[in-house]
1. Count, please, the residues in the range 101-141 that happen to be without any contact (Cβ under 8 Å) to a residue 40 or more places away in the chain and of a type in the set (S, T, N, Q).
2. Conditions first: (1) open to solvent by less than 40 Å² (accessible area, probe 1.4 Å); (2) within 18 Å of D108 (Cβ to Cβ). R50 passes all but one, so which condition is the exception?
3. Starting from residues that are open to solvent by 20 Å² or more (accessible area, probe 1.4 Å) and of a type in the set (S, T, Y), keep the ones in the range 114-124 and report whichever is nearest to the ligand (Cβ to nearest atom).
4. Go through the range 260-332 and tell me which helices (runs of 4 or more DSSP H), entirely inside it, have 2 or more residues that are more than 26 Å from G213 (Cβ to Cβ).
5. Does any residue in the range 238-266 that is more than 16 Å from F188 (Cα to Cα) come within less than 7 Å, Cβ to Cβ, of a residue that is acidic (D, E) six or more places away or on a different chain, and which pairs are these?
6. With A146, A133 as the choices, which residue is within 22 Å of D244 (Cα to Cα), small (G, A, S) and surrounded by 19 or more Cβ atoms within 10 Å (Cβ to Cβ)?
7. Going through the range 33-57 one residue at a time, which ones are part of a loop (DSSP other than H, G, I, E, B) and in contact with a helix residue (DSSP H, G or I) (Cβ under 9 Å, 6 or more places away or on another chain)?
Amino acid sequence: MYAQMVKSEGMKSREEMSPEEQAFQDRIDRGEKIEPKDWMPEGYRKTLVRQIGQHAHSEIVGQLPEGNWITRAPSLERKAILLAKVQDEAGHGLYLYSAAETLGVSRDDLMEKLHDGRMKYSSIFNYPTLNWADMGAVGWLVDGAAIMNQVPLQRTSFGPYSRAMIRICKEESFHQRQGYSIMMKMAFGTPEQKEMAQDALNRFWYPSLMMFGPSDKDSVHSAQSMAWKIKINTNDELRQKFVDQTVPQAKYLGLSIPDENLAWNEEKGGYDFSEPDWSEFFEVIKGNGPCNRERIEARRKAWYDGEWFRDGLAAHGEKEARRAKAPVAAAE
Ligand code: 3HC
């Protein structure tokens, strides 16, 4: 199951490193946190901007599939819970964009790269949410996978990213819990509700497995990201942990995982399971998923509709800065 990782492009052996790069790697190996003002290899900075920026984009684009259901929630309580969750995601994006900005990039630049396809967001958000059961599946599976992926990132080597992750992980468990409680309500509800819950699990299972990234043998960044402790576990390790944790939860709901090869492997101490359709995954991250166009259009519209507000804030900030510098008039 754990295929070998490929060597990342440009990855150096210790002998090939400059004295500065060796000293930096020693700091990483000692488990030290790297702060924005510390010396770092340009490749380390670039990898962080890519990963943190795409992580932030995922939070913001991830609001869209669920935002679509706030006005259609079946009760005031469910509406309030979903509203709180979607608002949390905006805050997660804020923490992460702020962490990325400590590396010398601007929010505007990151947004432009999202809008023109030069930066990605998580593949999962390119799938449609068709009914209320999908709100359960998204909370349970998508936030469950995000938690599996984000908890180790609390120990990532870059200080601002690690601190953002600690803050975000505190809120994620509520996200997963509210999703699972929707699934419980439906799985233990009427036969029609149980059928909706099963259908949502069928549609979100494989896209949730894809969230962890391609298998290790196709992961171009993992080897270098793990050497720099930007990434703590490989994609396949976290995917396996997610499957092992989720299968018993589905069993409790009386729902079946849509994978006829799913079987407990005593020797490995985990489940054997079918890989997702990687050709579908690469198509989706190339921009050809069911909702890519709609998601980017919505983000572009939100960004440009809000331009007047950002310009107003910036103008006010400049005025305040001028006032602070203005010489204080001599007392009469
Ligand atoms: N969706 C979109 N692109 C993906 C992807 C996914 N699920 N998995 C991998 N990719 C992309 C990578 O970004 C990379 O492309 P790039 O060079 O253009 O950036 C390429 O596929 C190769 O993948 P690698 O495994 O080599 O890339 P990474 O080492 O970066 O691993 C990752 C991918 C595991 C997603 C890693 O970037 C990561 O852990 N990121 C931080 C966590 C994150 O972004 N999670 C997304 C979910 S957040 C969320 O869901 C919000 C929650 O509140 C609901």
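1. Going through the range 101-141 one residue at a time, the tally reaches 1.
2. Failed condition: (1).
3. Across the range 114-124, the extreme among qualifying residues is S122.
4. Working: elements: 278-283, 292-305, 307-325.
Per the criteria, 292-305, 307-325.
5. From residues that are more than 16 Å from F188 (Cα to Cα), the pairs are N261/D272; A263/D272; N265/D272.
6. Details: A133 fails: within 22 Å of D244 (Cα to Cα).
The unique qualifying residue is A146.
7. So the first thing to find is which residues in the range 33-57 are part of a loop (DSSP other than H, G, I, E, B), and the list is 33, 35-41.
Within the range 33-57, K33, E35, P36, D38, W39, M40, P41 meet the criteria.
Residue-by-condition table, conditions (1) aliphatic (A, V, I, L, M); (2) assigned to a helix (DSSP H, G or I); (3) buried (at least 17 other Cβ atoms within 10 Å of the Cβ); (4) away from the ligand (no atom under 13 Å from the Cβ):
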position	(1), (2), (3), (4)
E59	no, yes, yes, no
P65	no, yes, yes, no
A80	yes, yes, no, yes
A90	yes, yes, no, no
E112	no, yes, no, yes
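The values are calculated or read from the model by the stated rules, or taken from the named source; none is laboratory data. Everything numeric in this text was worked out from a predicted model, so none of it was measured. Note that we place each Cβ from the backbone using ideal geometry, even for glycine, and neighbour counts take in every protein chain shown. The accessibility values were calculated without ligands, DNA or RNA, using every heavy atom of the protein model including side chains. Shrake-Rupley method; radii C 1.70, N 1.55, O 1.52, S 1.80 Å.
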